[in-house]
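The structure under discussion appears below in the form of structure tokens.
The values are calculated or read from the model by the stated rules, or taken from the named source; none is laboratory data. Small disclaimer: the values here were computed from a predicted structure and weren't measured. Neighbour counts are summed over all protein chains in view; Cβ atoms, including those assigned to glycine, are modelled from backbone coordinates with ideal geometry. We work out accessible area using only protein heavy atoms, side chains counted, and drop any ligands, DNA or RNA first. Shrake-Rupley method; radii C 1.70, N 1.55, O 1.52, S 1.80 Å.
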Amino acid sequence: DAGVIQSPRHEVTEMGQEVTLRCKPISGHDYLFWYRQTMMRGLELLIYFNNNVPIDDSGMPEDRFSAKMPNASFSTLKIQPSEPRDSAVYFCASSPLGRGRADTQYFGPGTRLTVL
Amino acid sequence: QKEVEQNSGPLSVPEGAIASLNCTYSDRGSQSFFWYRQYSGKSPELIMFIYSNGDKEDGRFTAQLNKASQYVSLLIRDSQPSDSATYLCAVRAGSARQLTFGSGTQLTVLP
């Protein structure tokens, strides 16, 4: 079974450009999470979805960030316009509804974003 | 004040020793506790979870939870160089689905 898939793996763009990050969760998982990781701030939750519905977007830093989940197998995180301070590794994770090891979040490989 | 605190390290231990990683949390309503390992340039992966007070063992790893002291720890016995990574403590409150992560402790196991 394939894990969480993210694309692109690396993205270099210039300030002001639109950036779209993509995520395919593990099939059958009910929850999808978007995180951002930087040296200064660590791993921060941006937003999460349950059955394609956004539940908590309080971690989204600004209106420049938006996320969608049009169906159970696809989600996007968009930054428009991008700024150098958005440079980070963005992780997508998915989770089933369960207990124990089924309670965990499975992380994708991440997208390393560099905004020049 | 951060909700989940970890010593950032780096923590260095010799091969074969016990590595002890600590984490404190501020939310008394926290119910679920997780330890993730993250190798440099890779994504976090779950190594342990614990829900109840006491110890939980899985191979060389032991998670310890003390809810009264709001403290969770991870012990790695017979540490190997392959254990060198950053260890992230994560906490979930009540029925919420989101995790709050600590900043991680960087562990180096010296051969």
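Summary of values
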| read-out | value |
| --- | --- |
| Probe 1.4 Å - accessible area at B:Ile76, Å² to nearest ten | 0 |
| Highest-MSF residue in chain B out of B:Arg60, B:Arg77, B:Arg97 [GNM, Cα springs under 10 Å] | B:Arg97 |
| Listed residues A:Val12, A:Val89, A:Val53, most fluctuating in chain A (Gaussian network, C-alpha, under 10 Å) | A:Val12 |
| Amide H partners (placed H, <5 Å) of B:Ala17, local residues excluded | B:Ser79 |
| Farthest toward positive dipole pole in chain B [+1 Lys/Arg, -1 Asp/Glu at C-beta], among B:Leu74, B:Ile47, B:Gln98 | B:Gln98 |
| Kirkwood-type radius of the stretch A:1-100, with distances r between different C-alpha atoms, in Å | 13.9 |
| Accessible carbon and sulfur surface of chain B relative to its total accessible area, %, 1.4 Å | 46 |
| FRET efficiency for B:Glu15 and A:Thr114, using Cβ-Cβ distance with R0 set to 41 Å, rounded to 0.05 | 0.70 |
| Chains B and A together, accessible area buried on both sides, 1.4 angstrom probe, square angstrom | 1700 |
| Chain B: relative contact order in percent, alpha carbon pairs under 8 Å with at least 6 residues between | 38 |
| Net +/- balance of residues flanking A:Pro109 in space, Cβ distance below 10 Å, scoring K and R +1, D and E -1 | +3 |
| Over the stretch B:9-49, relative contact order from alpha-carbon pairs under 8 Å, at least 6 apart, % | 27 |
| Summed side-chain charge close to A:Arg9 - residues other than A:Arg9 whose Cβ falls under 13 Å, Lys, Arg +1, Asp, Glu -1 | +2 |
| Whole-Hz couplings from phi, Karplus 6.51/-1.76/1.60, listed for the stretch B:34-47; x for Gly and Pro | 9, 10, 10, 10, 10, 6, 4, x, 10, 8, x, 9, 6, 10 |
| Cα-based equivalent ellipsoid, the stretch B:38-87: semi-axes from gyration tensor eigenvalues, Å | 22, 13, 9 |
| Mean accessible surface per residue for the protein assembly as shown, computed with a 1.4 Å probe while every protein chain stays in place, in Å² | 48 |
| Cα centroid separation - the stretch A:52-116 against the stretch B:27-66, whole Å | 23 |
| Proximal lysines relative to A:Lys68, as straight alpha-carbon distance under 29 Å, when same-chain residues fewer than 8 apart are discounted | A:Lys24, A:Lys78, B:Lys2, B:Lys42 |
| Whole-percent pair-distance distribution, where bins are 10 Å wide, for the alpha carbons of the stretch A:1-60 | 18, 44, 33, 4 |
| Within the accessible area of chain A (1.4 Å probe), percent carbon and sulfur | 51 |
| Over the protein assembly as shown: Rg over Rh, Cα atoms, Kirkwood Rh | 0.97 |
| Neighbour net charge for B:Tyr25 - beta-carbon separation under 9 angstrom, K R +1, D E -1 | -2 |
| Fluctuation leader among A:Thr76, A:Thr20, A:Thr38 - chain A, Gaussian network, Cα springs under 10 angstrom | A:Thr38 |
| Cα-based radius of gyration of the stretch B:13-111 once divided by 2.2 N^0.38 Å, which approximates compact folds | 1.05 |
